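Chemist: Provided herewith is a single structure, encoded as structure tokens, for subsequent inquiry.
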Amino acid sequence: MTTPWPPRRTARRPLAPRAAAPREPVDPARIGRRVVRRRAKGTDADAVAAALEDARFDARQDSRHEDLADGVRGPAELAEWERIAQLLADAAPGTGYDPDADDVVQAELAADAAAAAAWEAELREAARIAARADELQALRELGALEQTEPRDGDEAVRDELTRRAGGYVQADVHAWLAHALAAHLGHYRDPAAREAAAGHLTLPVLAHAALLAELARLVPGVDVDQLAFAARLATTEPEAAGALAVFLARARS
């Protein structure tokens with residue numbers, strides 16, 4: 001069975017943020033809606049109607065001032081008063097406004113909680129990537145990278161090491177991942193991980209791995225050091241290296 005080339009590409013996982021997240025930008029419209037809800041809490045339709053008239057008056061006044069006419073908080077507050085007024089108009093007489101029973105408010109809170117959870121997960125992943133990058137860098141300095149088996153997520157760690165190097169490809173990391181992919185080491189023992197690698201690794205790494213795998217089948221027991229030319233070919237001509245891997249697989253079969 002020949003290896004398809006180029007490999008099927010899947011969506012690459014975006015890198016997690018590398019630094020602490022900036023504070024949530026100030027949203028005047030959101031602030032305005034929250035202020036309205038606090039003021040409206042517990043009030044009935046008559047009180048909300050009065051507040052709505054005040055908000056309409058303020059909106060007319062703001063429209064006369066150029067520096068206020070384009071503001072977003074005022075219109076947001078007015079729209080929220082109008083929404084709450086309609087909500088109470090449809091409710092039983094004497095009903096007070098309760099944000100906890102407001103479907104719109106609860107949907108916003110749920111969305112906020114989901115966004116916060118996702119952001120926390122991204123921060124944890126960023127910390128994991130940074131820690132693993134530190135670990136691999138230490139192993140490189142000790143000359144022990146080749147003896148280390150890759151783990152799930154090391155594709156993103158490779159990107160982080162490249163970023164730390166100013167965008168320059170780290171040849172030893174490139175070769176390490178290619179050899180691991182070709183020899184099914186570490187998490188690449190799982191066929192699903194090898195399949196997913198097409199969406200997480202660069203074309204030169206994938207071409208290098210494919211070529212190494214076919215050369216190893218052609219000459220069983222060959223030392224990786226004897227195949228250094230494969231890395232040079234995959235780096236300079238990845239498509240040619242991939243085509244050569246397919247040709248060797250076809251000849252073998």
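Chemist: Once the Cβ-Cβ distance between Ala171 and Ala121 is put in as r, and R0 is 30 Å, what FRET efficiency do you end up with, to the nearest 0.05? Write down the numbers at each step before the final one.
Modeler: On the way: r = 32 Å, r/R0 = 1.08.
For R0 = 30 Å, the calculated efficiency reads 0.40.
Chemist: How big is region 110-165 in terms of Cα radius of gyration and Dmax, in angstroms?
Modeler: Here Rg and the maximum Cα pair distance are 14.4, 49 Å.
Chemist: Strictly greater than 22 Å: what percent of every Cα pair in region 123-253 meets that? Intermediate values should be presented prior to the final figure.
Modeler: Details: 2947 of 8515 pairs.
Cα-Cα pairs in region 123-253 separated by more than 22 Å: 35 percent.
Chemist: Same structure again: Considering only protein heavy atoms and a 1.4 Å probe, what is the carbon-and-sulfur percentage of the accessible area of the chain? Could you put the intermediate results ahead of the total?
Modeler: Numbers: 8550 of 15160 Å².
Percent of accessible area from carbon and sulfur atoms in the chain: 56.
Chemist: Taking the Cα centre of region 124-253 as the origin and placing charges on Cβ (Lys, Arg +1; Asp, Glu -1), which of His174, Ala243, Thr162 is farthest toward the positive end of the dipole?
Modeler: Ala243
Chemist: Go through Ala92, Ala113, Ala228 and say which Cα lies farthest out towards the positive end of the charge dipole of the chain; charges sit on Cβ, +1 for Lys and Arg, -1 for Asp and Glu.
Modeler: Of the listed residues, the answer is Ala228.
Chemist: Expressed in nm to one decimal, what extension gain is obtained for the pair Asp58 and Ala138 from 0.36 nm per residue of sequence separation less their Cα-Cα distance?
Modeler: Values: separation 80, 0.36 × 80 = 28.80 nm, distance 6.31 nm.
The span from Asp58 to Ala138 would gain 22.5 nm if fully extended.
Chemist: Quick one: what do you get for region 64-196 if you divide its Cα Rg by 2.2 N^0.38 Å?
Modeler: Working: Rg = 26.9 Å, N = 133, 2.2 N^0.38 = 14.1 Å.
Its radius of gyration relative to the 2.2 N^0.38 Å reference: 1.91.
Chemist: In nanometres, what is the gap between the two model label sites at Leu218 and Ala192, each 7 Å from Cα along Cα-to-Cβ?
Modeler: For the pair Leu218/Ala192, the computed spacing is 3.4 nm.
Chemist: Moving to a separate point now. Please give the helix 154-164 orientation as an angle from the longest Cα principal axis of the chain, in degrees from 0 to 90, rounded to the nearest 10.
Modeler: For helix 154-164, the angle is close to 80 degrees.
Chemist: Find the eigenvalues of the gyration tensor of the Cα atoms of the chain, then list the square roots of 5 times those eigenvalues as equivalent ellipsoid semi-axes, largest first, in whole angstrom.
Modeler: Equivalent ellipsoid semi-axes, largest first: 62, 19, 17 Å.
Chemist: At a probe size of 1.4 Å, how large is the accessible area of Leu215, to the nearest 10 Å²?
Modeler: Leu215 has an accessible surface of roughly 20 Å² with all protein chains in place.
Chemist: Just to be sure I understand the model, the point goes 7 Å from the Cα along the line to the Cβ. What's the resulting Thr43 to Arg164 distance in nm?
Modeler: For the pair Thr43/Arg164, the computed spacing is 5.7 nm.
Chemist: Continuing with this model, one more query. Quick one: net charge around Trp81, please, counting Lys, Arg +1 and Asp, Glu -1 for every other residue with C-beta under 11 Å from its C-beta. Write out the running numbers ahead of the final one.
Modeler: Numbers: positive: Arg33, Arg37, Arg39, Arg56, Arg83; negative: Glu53, Asp54, Asp58, Glu77, Glu80, Glu82.
Here the charged neighbours net out to -1.
Chemist: Same structure again: How far, in nm, would the chain grow between Glu108 and Thr95 when pulled straight, counting 0.36 nm per residue and subtracting the alpha carbon separation? Write out the running numbers ahead of the final one.
Modeler: Values: separation 13, 0.36 × 13 = 4.68 nm, distance 2.24 nm.
Extra length available between Glu108 and Thr95 comes to 2.4 nm.
Chemist: Compute the Kirkwood hydrodynamic radius of region 188-233, taking the inverse of the mean of 1/r over all pairs of distinct Cα atoms, and give it in Å to one decimal. Present the calculation step by step, with values, prior to reporting the outcome.
Modeler: Values: mean 1/r = 0.0873 Å⁻¹.
Taking the inverse mean of 1/r over all distinct Cα pairs, region 188-233 comes out at 11.5 Å.
Chemist: Give, rounded to the nearest 20 debye, the magnitude of the charge dipole that region 62-129 has about its Cα centre when Lys and Arg contribute +1 at Cβ and Asp and Glu contribute -1 at Cβ. Don't jump to the answer; show the numbers that get you there.
Modeler: On the way: 5 positive and 17 negative charges, 38 e Å.
Charge dipole of region 62-129: 180 debye, to the nearest 20.
Chemist: Please report, in debye to the nearest 20, how large the charge dipole of the chain is about its Cα centre when each Lys and Arg carries +1 at its beta carbon and each Asp and Glu carries -1 there. Could you put the intermediate results ahead of the total?
Modeler: On the way: 32 positive and 42 negative charges, 219 e Å.
Dipole of the chain, to the nearest 20 debye: 1060 debye.
The values are calculated or read from the model by the stated rules, or taken from the named source; none is laboratory data. On a predicted model such as this, the values are computed, not experimentally measured, just so you know. Counting neighbours? That spans all protein chains shown, and the Cβs are built from the backbone with ideal geometry, glycine included. Heads up: the accessible areas ignore ligands, DNA and RNA and are worked out on the full protein's heavy atoms, side chains in. Shrake-Rupley method; radii C 1.70, N 1.55, O 1.52, S 1.80 Å.
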